[in-house]
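The values are calculated or read from the model by the stated rules, or taken from the named source; none is laboratory data. These figures come from a predicted structure and were not determined experimentally. A quick note on method: Cβ atoms are made from the backbone with ideal geometry, for glycine too, and the neighbour counts reach across all protein chains shown. These area figures cover heavy atoms from the full protein model, side chains too; ligands, DNA and RNA do not enter into them. Shrake-Rupley method; radii C 1.70, N 1.55, O 1.52, S 1.80 Å.
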Amino acid sequence: SSELATFRGALGFAGGGSEADLVGEVRVIRGLLKKITDGSAAAQEKREGAAIARANAADQVEGQLSTDETLDITCAGLESNCVDLYLQPIVSLPQRKVRYYEVFSRIRNKEGSVIVPEQYLHLAEDTGLISTIDNLLLFRCIQLVRRARHDKVEVGVFVNLLAHALMDPEFFPQFLEFLERNRELSESLLFELSQEDAVNRNISDNLAALRRIGFAFSMDKVTSLDLDFDNLARSNFRFI
């Protein structure tokens, strides 16, 4: 569709914001990339330990990447902007009219092949890079939405927001400052949290900060319907 084509074009779009917005973006991304670089070096021992723990299982699958190869592709892909955002349409029935998109990420290697989160998430957790990687991917999703809005695409987008992003003392204040300068994004952007994270009291203050500047939430990975729906509504959860 023309909307999806515009979204794809937005990935390469470099304009559309004020000087302050662009400076803010560069500052956040530079800080996250530095953490990836520093973390890659600092996590070398952990990486070797993880390789021993997981290599046997990985080698049993034909064509499966080794632990080191997967982590190298992850770090290099993030540093070189080889991150693709996949958009899954969410439609209303019976009309099948697209109302929203849910954003997923894939990381490309030098040959153009992709690795999916199922391949790198456990390794990133083992090496201490998971928070930085998720924060950077989240920020790239935000950039996509802002640039798409510049091209007059008026559709909602669901983006995953994990608890450790909200609890990151370096990332979250910068992220909140960026969103405060771009409050118009709240018309198009919905943050998606798992049920476990949504009821985590350690992040309630930061969720409230996002709510105060107009952002709404969605709950997924629901394992129990024993929920306080009135409280969820007051907390600006719009979807389950």
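What the table below lists for this structure:
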| quantity | calculated |
| --- | --- |
| Selection count where residues are over 15 Å from the mean Cα position of the chain (by Cα), part of a helix (DSSP H, G or I) and at pLDDT 75 or above, scope segment 78-121 | 1 |
| The one condition in (1) among the small types (G, A, S); (2) modelled with pLDDT under 85; (3) surrounded by fewer than 15 Cβ atoms within 10 Å (Cβ to Cβ) that A124 fails to fulfil | (3) |
| Residue check for V116: in contact with a Cys (Cβ under 9 Å, 6 or more places away or on another chain) and either under 19 Å from V83 (Cα atoms) or crowded, with 16+ Cβ neighbours inside 10 Å (or both) | no |
| Matching residues, segment 200-231, being open to solvent by less than 20 Å² (accessible area, probe 1.4 Å) and assigned to a helix (DSSP H, G or I) | I203, L207, A208, A209, L210 |
| Options D59, D72; residue that is open to solvent by 70 Å² or more (accessible area, probe 1.4 Å) and at pLDDT below 75 | D59 |
| Residue that is nearest to F239 (Cα to Cα) [pool: residues in segment 74-88 that are out of contact with any Lys or Arg (no Cβ under 8 Å at 6 or more places or on another chain) and touching a residue at least 40 places away in the same chain (Cβ under 8 Å)] | L87 |
| Identity of the residue in segment 147-194, out of contact with any Gly (no Cβ under 7 Å at 6 or more places or on another chain) and basic (K, R), that ends up least open to solvent (accessible area, probe 1.4 Å) | R149 |
| Number of the exception - R140 against (1) of a type in the set (K, R); (2) at pLDDT below 85; (3) outside any helix (DSSP H, G or I) | (3) |
| Matching residues, segment 182-206, being in contact with a Leu (Cβ under 7 Å, 6 or more places away or on another chain) and at pLDDT 90 or above | F191, E192, L193, D197, I203, N206 |
